[in-house]
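Q: Below you'll find the structure I mean.
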Amino acid sequence: MSFLELHDIRKAYTLNHQENVILKGINLNFERGEFISILGESGGGKSTLMNIIGGLDHHYDGDVLLDGQSLRSMNVRQMDRYRRETIGFIFQNFNLVSYLTVLDNVMLSLKMTKTSHAQQVQQAQDLLKRVGLEQQTHQYPNELSGGQKQRVAIARALASDPDIIIADEPTGALDSENTQEVMDILYSIAAEGKLVITVTHSQEVADYGTRIVHLDDGQIHDELVIGAPFDVVDKQPTRYRTLGFRQMFRMSMQHMRRMWLRYLLIIFGSSIGISSIVVMLGLGSGIQNYMNHQITSQVNPTAVQVSKKTGKVSTAARKKATSAAAYKAAVNQEQVTAAKNAEVTTANVKQLAAIKHVKSAKLGYYTSTQASYKKNNRDGQSPDG
Ligand SMILES: Nc1ncnc2c1ncn2[C@@H]1O[C@H](COP(=O)(O)OP(=O)(O)O)[C@@H](O)[C@H]1O
Ligand SMILES: [Mg+2]
């Protein structure tokens, strides 16, 4: 039985109803003290495999066994412990917490242990010394070079004293000098008896390993053993605890202190955005209300006016009128006659009310006339009904 065993690991992603097989049955055994290089082209499934080994991905077929125990048989708490105490992750882009100092980044994992604060500081300082960063403990990640950042990440991964270090393209963002420094440190970790698995697409980086596993297109193509595993050094078990409220509160406050300006700007920016939306919506509905009011006050779409025409009524009296008073009297007489002609009866109203969708019908009158009297009556017009 090996320390870590992969049994027929298969994994596929389904995109747009199309199954994309990423890992096509991986069988591998690893021992403590081995420095494994997983070498392969980009997209070959290396990171997918590391996420499965690291307990970050549960959706796969096959089995991962640690000291003979399947990860599938572990409950949530055991998986938490596995990720926290057995695995140390190192990523290409370092994944450091930008608002924490180098020392606090390394102490992140130590805060979960039952050792005293003074001991945690001492351990973090020892780890930073080991990776050659004892001078940088109080600096922030953005004040460091890429190689230094990766060395902080290594110190942080080592803080929980894990049995397995997974380094996914740890030198992908580094120049050759920093690559060598980082690989030397990883080599020394394996030499202490830990299992170090480095993922890379570079043959040069892979050559640091004691065994090179060639993974491409989801399959192991070949394995090359370069050296025997290193001897295992017994380690002291670390006692862990869950983070207390005080600890979490302190970390949140540290985060706030470091990021207050950014948060202030975010709050300011967001409030401008929200206010603009409110103003725009307010303006929008205001304009809409105004339009509605204008339309309904001019033309009420729910009220339909039905009129009955009087017909043309013109009397000889108007033409014969020789004074404004006589003309007006003639026009009045015409209007009375016209109104009589056009009288709307209650029967008419009932007829209208009976039409489908008409709620009610009301009787009303209006008169209009544009008649005017001019001397000799030359410009006189007939009244309209
Ligand atoms: N979450 C995902 N959904 C769909 N496809 C994915 C996902 N993650 C990775 N892949 C695909 O799986 C393949 C292998 O990816 P990865 O394991 O990251 O390769 P490598 O690390 O070797 O470059 C790639 O083709 C990638 O596009
Ligand atoms: Mg990858």
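Every number here is computed from the coordinates shown, using simple stated rules; none is lab data. Quantities reported herein were computed from a predicted structural model and do not represent experimental measurements. Here the Cβ is made from the backbone with ideal geometry for all residues, glycine too, and neighbour counts use every protein chain on show.
Q: Rounded, prolate or oblate for the chain? Axes are the square roots of the Cα gyration tensor eigenvalues, ordered a ≥ b ≥ c, and the cut-off for rounded is a/c under 1.5.
A: prolate
Q: On to the next question. Please order Ile272, Ile212 by the number of other Cβ within 10 Å, starting at the fewest.
A: Ordered from fewest to most neighbouring Cβ atoms within 10 Å, Ile272, Ile212 come out as Ile272, Ile212.
Q: While we're looking at this one, here's another question. Which of Tyr82, Tyr263, Tyr140 ends up with the largest GNM mean-square fluctuation for the chain, with Cα atoms connected below 10 Å?
A: Tyr263
Q: Fewest to most neighbouring Cβ within 10 Å: what's the order for Ile355, Ile87?
A: Ile355, Ile87
Q: For segment 55-177, what class follows from the C-alpha gyration tensor (a ≥ b ≥ c being the square roots of its eigenvalues): rounded when a/c is under 1.5, otherwise prolate if a/b is larger than b/c, else oblate?
A: oblate
Q: Which is the longest run of the chain containing none of the GluC sites (Glu not before Pro) found in DSSP loop states (not H, G, I, E, B) with at most 12 other C-beta atoms within 10 Å?
A: Here the longest segment lacking exposed loop sites spans 42-342.
Q: So, one more: Quick one: order Lys11, Lys309 by neighbouring beta-carbon count within 10 Å, fewest to most.
A: Lowest count first: Lys309, Lys11.
Q: Hey, can you list the DSSP H helices of the chain whose Cα span along the axis is 18 Å or longer and whose average Kyte-Doolittle score is at least -1.0?
A: Long hydrophobic helices here: 146-159, 176-191, 245-298, 324-341.
Q: So which residue, out of Leu110, Leu65, Leu352, gets the largest mean-square fluctuation from a GNM of the chain using Cα contacts under 10 Å as springs?
A: Among Leu110, Leu65, Leu352, the largest GNM mean-square fluctuation belongs to Leu352.
Q: I need to check one value: relative contact order of the chain, counting alpha carbon pairs closer than 8 Å and at least 6 residues apart, in percent.
A: Averaging sequence separation for qualifying contacts and normalising by length gives 18 percent for the chain.
Q: Hey, another quick one. Using a Cα-Cα cut-off of under 28 Å, which lysines could be cross-linked to Lys194, ignoring same-chain neighbours fewer than 8 residues away?
A: Lys11, Lys24, Lys46, Lys111, Lys114, Lys129, Lys149, Lys235
Q: Another question about this same structure. Mind checking which aspartates and glutamates have their Cα closer than 17 Å to the Cα of Lys312? Skip sequence neighbours fewer than 8 apart in that chain.
A: Glu334, Glu343, Asp384
Q: Still on this structure, please answer the following. Note down the magnitude of the dipole of the chain about its Cα centre, charges +1 on Lys and Arg C-beta and -1 on Asp and Glu C-beta and zero elsewhere, to the nearest 20 debye.
A: 5460 debye
Q: If you don't mind, another one. Let me have the 222 nm mean residue ellipticity of the chain computed from DSSP H runs of 4+ only, each contributing -39500 (n - 2.57), with the sum over all residues rounded to the nearest 500.
A: Computed mean residue ellipticity for the chain: -13000 deg cm²/dmol.
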